[in-house]
Every structure is written in structure tokens, then in C-alpha cells.
Amino acid sequence: MEPQIHYCTTSDGFGIAWGEAGRGPALLYCGPTPFTHVQDLFAINEAAYGGLARSFRLIMFDSRGTGMSERDVTDVSTATLLMDAEAVIDAAKLDRFVVVADMALLAASTALQLAVDLPERVTHIVLESPVQNERELADTPWGRTNLALAELDWAVYVQTLMRVLGGWDAESAWIDPTAKAAAGWVDPEVGLQYRRLQQATDISHLIAAVRQPTLVLRNDPNLIPARACQRIAAKIPGAEFRQYTDPNYEQWAELIRAFVLPSSPGSTAVSTERAAPGGLRTVLFTDIVGHTEMMQRLGDAKGRDVLREHERITRETLKQHGGAEVKTMGDGFMASFGSVTSAVECAIALQRAFSNFQHQTSNIQIRVGLNAGEPIEEDGDLFGATVILASRIAAKAGAGEILVPDTVRGLLSGKGFIFGDRGDFVPKGFDEGVRLWDVRWQE
């Protein structure tokens, strides 16, 4: 699938490139200006954009001076960004539509202004990892230095930005091709104009005026603090906040589909339950055994196919057992449960699912470790001794094993589980040993 490319003209005479793909309710995508290129973005991450096009009539566009739109630009502003979007809305004949803003303050500004100006036509709003202004990033290293780097060396800024967004160690299929292509999507002079405009933009007044159903998303980026997204969600009446972890943004389309079309076939929202501070939680870690060797043997493309199946099976199983995905580490997951029983039942279901998993290139074996306690929650993540011990226990497990400490075994007394004594274990960083038990799931 690829978008069909069209052109339209703004009210002040600029040529704007826009593309459409798919059928269904109209969805206007406001991309991360100035790093947009309709054709390239769709090709680089077809899983994300194609996922949207399978449920919506997806409309994408390049703002003036970027991508395939007219490049001869001398001035940009939030007003010109809005004119570009309005020209596309008219050309695409959008009557009622969803508006999605992706990972950029300027995109959020355009999307929210459209919602305020066209309250009868914009039906839903989705904001991915938004901030009200760049002061929200002032206490982060990137927030303190990114404009200075852009002014100093635009090429280095672009490459660094893509790495920061994707994560230096993340297995994100889109990072390398995007980093290579992005430098050609906007001329440095225009890119700097947009960078300075973003530095001066504040959307607080727009947030207060929004009345449409709104979904605020936050992936697991290295750039946007969760608290910044949560503040925006708190200021919009009835807004939903969903945090997820997916370096390739494949969940992104499903979350949007579940929000806008909750009754559509196959629409399954990713579990986003979070632990209440001070509450007893069971923390579960999984890890693929022999992950590095598998990737070296299969190569990046085929290895990623296997990992994608691993992620799908894990997320479906977590959802079935009431688990909340906290984050993924590429070859494993961290999840939390409000019930110790549900957590162990999920661990057993995971082992059974992967023992039956057959892939044309490779099978998958996982190790699982659990611990129960009162972890600390901060910015959607869990911390503390409970989490560290769960991770250490998982690392101790072998292929196909589920290990739990004596405390978890005690909480499961009388529940019908069968355990094998694995003896004492002194985890790294802990002064005292822990009695470990393996959960017998094959008997």
C-alpha cells in the first residue's frame, strides 16, 4: 500500500503536496513539521501509516518548505501552517474528520487550532507525546541544547534528533532510514525557521478551548516526559491518557482505531493499567533466550519478523490476564498485575504459547521471573527493590522456566500451582539471599 499523491494551492499561493490512502472515516494527519515527506514517511514506516489506512481514509501532507511541497519559502508561522492544512482539507473535501498530531509542538498547534475553529467538523483529536511549550523540556539535556545545536550545525542536529527520538539502543526499524532521508526533507534555512517557531510556540490557550473527545498518547520516548503529556490530558475535559512502549509505532494505529472506532471488528486496545502508588503489585519480566544469536543468524529483517510475532503473542496474553505492559526492552517485556494469581497464570500461558509457536525461520523460548511487592511508580514506569528483584530472578531462569521467590509462592498457597525448589539465590546488589521456586507448567 502507498498513498496517492496530489497537489493543492494555499490561499496565499503556495503549492502543497498531500497524499491519501485507505477507506473509512477521514483522518487528517499533521506530521512532525519540518520533518515530513508523505511518500518517504509512508514507505519507511508502512506498519504505522498502513495500519491507519486499513481503518481510515488517511490524509497526510507536507507543510510549505518541506517534503514534496513548494520549497521556496521565506517566512513560516503558525498561521501559514494552518493555511496549509486548510488547503488540504478543502482539496480532500473533508466534511467531518479525525485530526492526529504526531510528535511535534507545531503539529499539535495546527491540530488544536483546527479543532477550535471547526468544532462541528473535527470529531476526535489524537495527540502523540505533546507538550504545551518547550519550557516543559527545559530540565532535559535535549531540551537545553537542541536549538543551539540546530543553529550551530543543522546536519548534525537532524541526525542527533532522530537518534534521540528512537533511542540510541532501540531496535527501531525506522531510525536508520529516517535519519538518512530526513536531511533532504527541508533546507537548513527553512528548517531553522521552523525550529525557532517551535521554540516560540505555546498551545496552552488552545488546550483550554478543546471540547472534542481527545486521546493523549505517550510512547516511551527519550525526549518527552510523561508528566508533560499528563498535564495536557488533565486540562482537556474527558481526555484519555494512554502510555505505551513500541519503538516502531505499530501499536499506535491500533490505539487510535480503538479510541475512534471502539466497536470496529478486531479493535483491541492495548492494556494501559498502571499501578496505584503504595499498592501491592506483581511484577513480571520476560526475556527471549538466545536473542542475540537469533538476530545474528537470521539478520535484521527476518529477525524482526520473529520479534514482531513475539510482541503480538505477549501483548495478547497480557491483555487476556489483566496485565499492564510497563515497557518492552526489544527482546523482553516488563508488566504489572494487581493479582498474584493472574500474574502466574499469565506466565504459564506465555510459556505454553511460545512452546506451541512455530515460525518458518525460528522458534522462540522465553524465561520468566516474577516478584510481588509495593513498587514506586513515576512517569508511567515502576521502580524500587520489588522491580529489581523481579529482573534478577528472570535473569536466573532458563529457557521455558518461570521462577518466583518464596514470598510469591506463599501468596499462591492453596491456589493449585505446583512448584519445584530451586534453592537459595543471592541477587546482585542484595545483602540477603532469596529462596527460589520454579512454577511447573508442563505437568
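Could you work out how far the C-alpha centroid of the stretch 79-134 sits from that of the stretch 406-431, in angstrom? Each part's Cα centre sits 53 Å from the other's. Close Lys pairs in the chain, defined as Cα atoms under 30 Å apart and 8 or more places apart or on different chains, number 15. Please give the residues of the stretch 79-104, grouped as numeric ranges, whose backbone N is less than 15 Å from a label point set 7 Å along the Cα-to-Cβ vector of SER11. Correct set: 79-91. The label point for GLN159 and the one for GLU2, both projected 7 Å from the Cα toward the Cβ, are 2.8 nm apart. The stretch 195-246 and the stretch 25-71 have Cα centres lying 20 Å from one another. Each of ASP139 and ALA234 was given a label point 7 Å from its Cα along the Cα-to-Cβ line. The distance between the two points is 1.3 nm. Dipole check for the chain: with +1 at the C-beta of Lys and Arg, -1 at the C-beta of Asp and Glu, and the Cα centre as origin, the magnitude is about 1040 Debye.
Scoring 396-405, 281-290, 298-307 by mean Cβ neighbours within 10 Å over their residues and listing the highest first yields 281-290, 396-405, 298-307. Using R0 = 45 Å, the C-beta based FRET efficiency linking ALA43 and ASP117 works out to 0.90. Our estimate of slack between THR407 and ASP421, defined as 0.36 nm per intervening residue step minus the Cα-Cα distance, is 3.7 nm.
The gain in end-to-end length when the LYS428 to ARG440 segment is fully stretched comes to 1.8 nm, 0.36 nm per residue minus the alpha carbon separation. By the count of neighbouring beta-carbon atoms within 10 Å, fewest first, TYR49, TYR244 end up ordered TYR244, TYR49. Other residues with beta-carbon under 9 Å from the beta-carbon of ALA92 carry, at +1 per Lys or Arg and -1 per Asp or Glu, a net charge of 0.
Read the figures in this text as sums done on the coordinates, not as results from a lab. Note that the structure is predicted; figures quoted are calculated from it, not measured. Counting neighbours? That spans all protein chains shown, and the Cβs are built from the backbone with ideal geometry, glycine included.
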